[in-house]
Amino acid sequence: MISIILLVDLPLQFLLLSASMIGDTSWTDAWHAIPDVAHTHSGHVIMASFCFVPCFLTLSLFPNSLEKRKDILIGVVLSLGLIISRALGGHAASDGDFSLREGIQFLHLSSISAWGGGILVAGFFTLPRLACFDEPGSVEHFGKRLSRTVTVAVAIVILSGIYNSWKGLGGSLSPLPHSAWGRMLLIKLSLVLIAFGHGLRSRLLLKAREPWNRSRTTKIRRWVRIEAFFMLLIIVSSAWLANLPPADM
């Protein structure tokens, strides 16, 4: 499903970028500007990202594609390639190619993918499926493994997010409430704190010493699903933030 969305989204991004370059939203005029856009840095980034999409789509067509370690490694490599291509564009590219800012952006995107992707899949798919079984321990075991992974990812998200925010604000907190980028950053930060709070509550539940029972399974399902809902809002706010000019511009 994600591959199909990207298959439509990336060409649309390319066409919209062409329209913005010529100062006209006409699809016909934008179509003629595509060759010029293809020679820009942003054009290169979008084309590089698009190269990974057919590979993802092909891999997802095989039902057992994630059962073998080799196929999992292929999926990880493709994911990292897509993240690298996205990290080389946007606001991070303003410091030049292969800069520290792009490296930090790669870490930020990788960690938010691990946190957000893990919570979304767990909240909407995995935990409801495991809860249907008569083995409550499977939910506890999965929850603890997810918690360890997410804890590491959240730590990297926080550190890289602080760096990106400071760069976007031009090294000063004064633009935070006075710019559109700063206000959207505050909204995103609020959503992250709420999601983090729900995640912390789930982690404390998993660390409790009482025997696991059906009641705790119901709680962990509900709390992770709420966290997944806030992760969706964080993704939307991140996309909005990426399309606003930073305060340092």
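The values are calculated or read from the model by the stated rules, or taken from the named source; none is laboratory data. Treat the numbers as computed from the prediction; the structure is a model and nothing was measured. Positions of Cβ are generated from backbone atoms using ideal geometry, with glycine treated the same way; all protein chains shown enter the neighbour counts. Keep in mind that these areas ignore ligands, DNA and RNA; they rest on the heavy atoms of the full protein, side chains included. Shrake-Rupley method; radii C 1.70, N 1.55, O 1.52, S 1.80 Å.
Looking at TRP240, TRP223, which one is within 20 Å of ILE158 (Cα to Cα), aromatic (Phe, Trp, Tyr) and in a helix (DSSP H, G or I)? Step through it out loud before you land on a result.
Values: TRP223 fails: within 20 Å of ILE158 (Cα to Cα).
Exactly one of TRP240, TRP223 is within 20 Å of ILE158 (Cα to Cα), aromatic (Phe, Trp, Tyr) and in a helix (DSSP H, G or I), namely TRP240.
Looking only at residues that are of a type in the set (Ser, Thr, Tyr) and open to solvent by less than 40 Å² (accessible area, probe 1.4 Å) in segment 98-125, which one is nearest to LEU80 (Cα to Cα)? It would help to see each step written out before you state the result.
Filtering segment 98-125 for residues of a type in the set (Ser, Thr, Tyr) gives 99, 110-111, 113.
Right, trim to open to solvent by less than 40 Å² (accessible area, probe 1.4 Å) and you get 99, 110-111.
Working: SER99: 18, SER110: 8, SER111: 11 Å.
For segment 98-125, the residue satisfying everything is SER110.
Answer with yes or no whether LYS144 is in contact with a Ser or Thr (Cβ under 9 Å, 6 or more places away or on another chain), farther than 27 Å from ARG101 by Cβ and open to solvent by 70 Å² or more (accessible area, probe 1.4 Å). Write out each step before concluding.
Values: in contact with a Ser or Thr (Cβ under 9 Å, 6 or more places away or on another chain): no; farther than 27 Å from ARG101 by Cβ: yes; open to solvent by 70 Å² or more (accessible area, probe 1.4 Å): yes.
No, not satisfied.
Out of segment 210-220, which residues are surrounded by 15 or more Cβ atoms within 10 Å (Cβ to Cβ), in a helix (DSSP H, G or I) and either in contact with a Pro (Cβ under 7 Å, 6 or more places away or on another chain) or not basic (Lys, Arg) (or both)? Give the steps one after another, and end with the answer.
Narrowing segment 210-220 to residues surrounded by 15 or more Cβ atoms within 10 Å (Cβ to Cβ): 212, 216-217, 220.
From the residues that got through so far, the ones that are in a helix (DSSP H, G or I) too are 216-217, 220.
Matches in segment 210-220: THR217, ILE220.
Quick one: which residue in LYS207, LYS188 is of a type outside the set (S, T, N, Q), within 20 Å of ALA114 (Cα to Cα) and either open to solvent by less than 60 Å² (accessible area, probe 1.4 Å) or out of contact with any helix residue (DSSP H, G or I) (no Cβ under 8 Å at 6 or more places or on another chain) (or both)? Even if it seems obvious, please write down each step before you answer.
On the way: LYS207 fails: within 20 Å of ALA114 (Cα to Cα).
None of the others qualify; the one that does is LYS188.
Filter segment 150-174 down to the residues that are closer than 22 Å to SER113 by Cβ and among the hydroxyl-bearing types (Ser, Thr, Tyr), then identify the one that is least open to solvent (accessible area, probe 1.4 Å).
SER160
Evaluate segment 238-246: report whether one residue or more is without any contact (Cβ under 8 Å) to a residue 60 or more places away in the chain and exposed (fewer than 14 other Cβ atoms within 10 Å of the Cβ). Full working, then the answer.
To start, the set of residues in segment 238-246 that are without any contact (Cβ under 8 Å) to a residue 60 or more places away in the chain comprises 239-240, 243.
Adding the requirement that they be exposed (fewer than 14 other Cβ atoms within 10 Å of the Cβ) leaves 239, 243.
Scanning segment 238-246 turns up at least one residue that is without any contact (Cβ under 8 Å) to a residue 60 or more places away in the chain and exposed (fewer than 14 other Cβ atoms within 10 Å of the Cβ).
Condition first: open to solvent by 80 Å² or more (accessible area, probe 1.4 Å) and assigned to a helix (DSSP H, G or I). Now tell me which residues in segment 175-185 satisfy that. Please lay out each step first, then the result.
First pass over segment 175-185, keeping only residues open to solvent by 80 Å² or more (accessible area, probe 1.4 Å): 178, 183.
Selection gives ARG183 alone.
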